[in-house]
Amino acid sequence: DRRLEKYRQGEADPELEMLLFQYGRYLLAASSRRPGLPANLQGLWNDSNRPPWHSDYHSNINVQMNYWPAEPANLAECALPFFDLVMAMREPSRAATRAAFGNVRGWTARTSHNIFGGHGWKWNVPSSAWYALHFWEHFAFGLDTNFLREIAWPMTREVCEFWFDRLKALPDGTLVVPDGWSPEHGPVEDGVAHDQQIVWELFTVALHMSRLLDEDRAFRARLQEMRDRLDRPRVGRWGQLQEWRVDRDDPNDRHRHTSHLFALYPGSWISPDTTPEWAHAARVSLEARGTTGDSRREWVWAWRCALWARLREGERAYEMVRNLLIYNTLPNLLGNHPPMQLDGNYGITAAICEMLVQSRWPLGEDFDAAEWDLLPALPAAWAEGACRGIRLRGGGTLSCEWRDGRPVRAEVE
């Protein structure tokens, strides 16, 4: 608590920042191990029979952020309880989905759900698609082909079928997600950026899975055709990445969510290398959201740290680490939304991994080699340091040492 107070007064404490990183790993290891349940909003530290948001699972970013560090921060086994819950909730979710959306295949979930498959609050229609992306990530980092074939592919294929039945064709043939919502912001309407980006990512990883397993070429052809017809990101009147198809974004909006930047992180559709115009627009949008008012939430700092890291803005990413400790961390280092919840603790661990190394699969059909960027968002405050054990897509584990902001030793095993 005394170190945290000195930090808030401007004193440098890189070991406190390192402790925050390791603390996120500890919290996930403590909250998510078989045969237990997955990590919820308060982990194992809920102290109330009437906790905020019922100490449940929120599908519009919270439970996903809990598991962002599982693969890169070398805690892959901690993701397994989350996969167990998703697989178990499919049957009750199918019934709830058909009751809400009619005669559709597959399933999705509401924003809030519990361990019995019960759903609460409003529908978060792309939630199951986002869940499927975590199954792909587990394979992409670990290369467990049995997991891919027996668990990840069947689950992902079923979710794709929901979108085959759900997407809406505009007069020009463009496909949009109908009646979507940009959590937790704005109206319900067609073609919201958040939804479009998640469905694009779902279809992309499903194409990867199908090619790797050499499964169902007819299904794969339909995936490709429908993905290529999805409405694409748009750049608005003040250079921003539009949150909706209508160019209504307010440059003075300080909303906590940056749902329309999903394609930058945790998605892969937008990057400075492959889509520089969209990446610049994402930067404009992120800058406009600011760091005051509604944007001061523990989980917001973590997401924005990862977003700035993907833009290779090390100083801005580091500012998010500092602000989490300054504004939204309790004396015991638990995150404070407020009230207390833990997704920011997990998320900042994943975001720091993104600052140190970024890994990705190529977007084409060549799966022989993943791509890795060392120290893409290293701030001046961390000009000298080392890391070990960070996992990479493609199956590698990184150990790295750097001085003056440049790597002097790197090993991938």
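The values are calculated or read from the model by the stated rules, or taken from the named source; none is laboratory data. From a predicted model like this one, the values you see are computed outputs, not experimental measurements. Positions of Cβ are backbone-derived with ideal geometry, glycine not excepted, and every protein chain shown enters the neighbour counts. Ligands, DNA and RNA are stripped out before the accessible areas are found, and what is left, the full protein with its side chains, is counted by its heavy atoms. Shrake-Rupley method; radii C 1.70, N 1.55, O 1.52, S 1.80 Å.
On the stretch given as the range 165-203, residues that are in a strand (DSSP E or B), out of contact with any Phe, Trp or Tyr (no Cβ under 8 Å at 6 or more places or on another chain) and either buried (at least 24 other Cβ atoms within 10 Å of the Cβ) or not aromatic (F, W, Y) (or both) total 6.
The numbered conditions (1) on the phi < 0 side of the Ramachandran plot; (2) touching a residue at least 12 places away in the same chain (Cβ under 8 Å) are all true for L333 except (1). Applying the criterion of being open to solvent by less than 20 Å² (accessible area, probe 1.4 Å), hydrophobic (A, V, I, L, M, F, W, C) and not in a loop (DSSP other than H, G, I, E, B) to the residues of the range 27-75, the residue that is nearest to V357 (Cα to Cα) is M65.
Evaluation of R110 against the conditions (1) of a type in the set (D, E, K, R); (2) over 20 Å from V188 (Cα atoms); (3) not in a loop (DSSP other than H, G, I, E, B) shows that the sole unmet condition is (2). Answer yes or no as to whether A206 is under 24 Å from A309 (Cβ atoms), of a type in the set (G, A, S) and open to solvent by less than 50 Å² (accessible area, probe 1.4 Å). In short, no. Check the range 76-94 and report whether any residue there is open to solvent by 10 Å² or more (accessible area, probe 1.4 Å), assigned to a helix (DSSP H, G or I), in contact with a strand residue (DSSP E or B) (Cβ under 9 Å, 6 or more places away or on another chain) and in contact (Cβ under 8 Å) with a residue 60 or more places away in the chain. Yes, the range 76-94 has at least one match.
Taking the criterion of being in a loop (DSSP other than H, G, I, E, B) and either open to solvent by 40 Å² or more (accessible area, probe 1.4 Å) or of a type in the set (S, T, Y) (or both), the only residue of the range 398-409 that qualifies is D404.
Evaluation of S127 against the conditions (1) open to solvent by 20 Å² or more (accessible area, probe 1.4 Å); (2) over 18 Å from H208 (Cβ atoms); (3) modelled with pLDDT of 95 or more shows that the sole unmet condition is (1). For E137, indicate whether it is surrounded by fewer than 16 Cβ atoms within 10 Å (Cβ to Cβ) and part of a helix (DSSP H, G or I). In short, no.
State whether one or more residues within the range 374-394 are modelled with pLDDT under 95 and not charged (D, E, K, R). Yes, the range 374-394 contains at least one residue that is modelled with pLDDT under 95 and not charged (D, E, K, R).
Of the helices (runs of 4 or more DSSP H) contained entirely in the range 284-397, those carrying at least 3 residues that are under 16 Å from the mean Cα position of the chain (by Cα) fall at 298-310, 343-356.
Within the range 224-234, can one find any residue that is assigned to a helix (DSSP H, G or I) and among the hydrophobic types (A, V, I, L, M, F, W, C)? Yes. Taken over the range 1-16, the criterion of being in a loop (DSSP other than H, G, I, E, B), free of Cβ contacts under 8 Å to residues at least 12 places away in the same chain and either in contact with an Asp or Glu (Cβ under 7 Å, 6 or more places away or on another chain) or loosely packed, with under 10 Cβ neighbours inside 10 Å (or both) is satisfied by Q9, G10.
Of note, L148 satisfies the criterion of being within 30 Å of E413 (Cβ to Cβ) and open to solvent by less than 10 Å² (accessible area, probe 1.4 Å).
A search for C-beta distances below 7 Å between a residue of the range 109-124 that is free of Cβ contacts under 8 Å to residues at least 60 places away in the same chain and any residue that is surrounded by 19 or more Cβ atoms within 10 Å (Cβ to Cβ) and among the acidic types (D, E), counting only pairs 6+ apart in sequence or on different chains, returns S112/D56; H113/D56. For D144, the criteria (1) under 20 Å from Q197 (Cβ atoms); (2) at pLDDT 95 or above hold in every case but one, which is (1).
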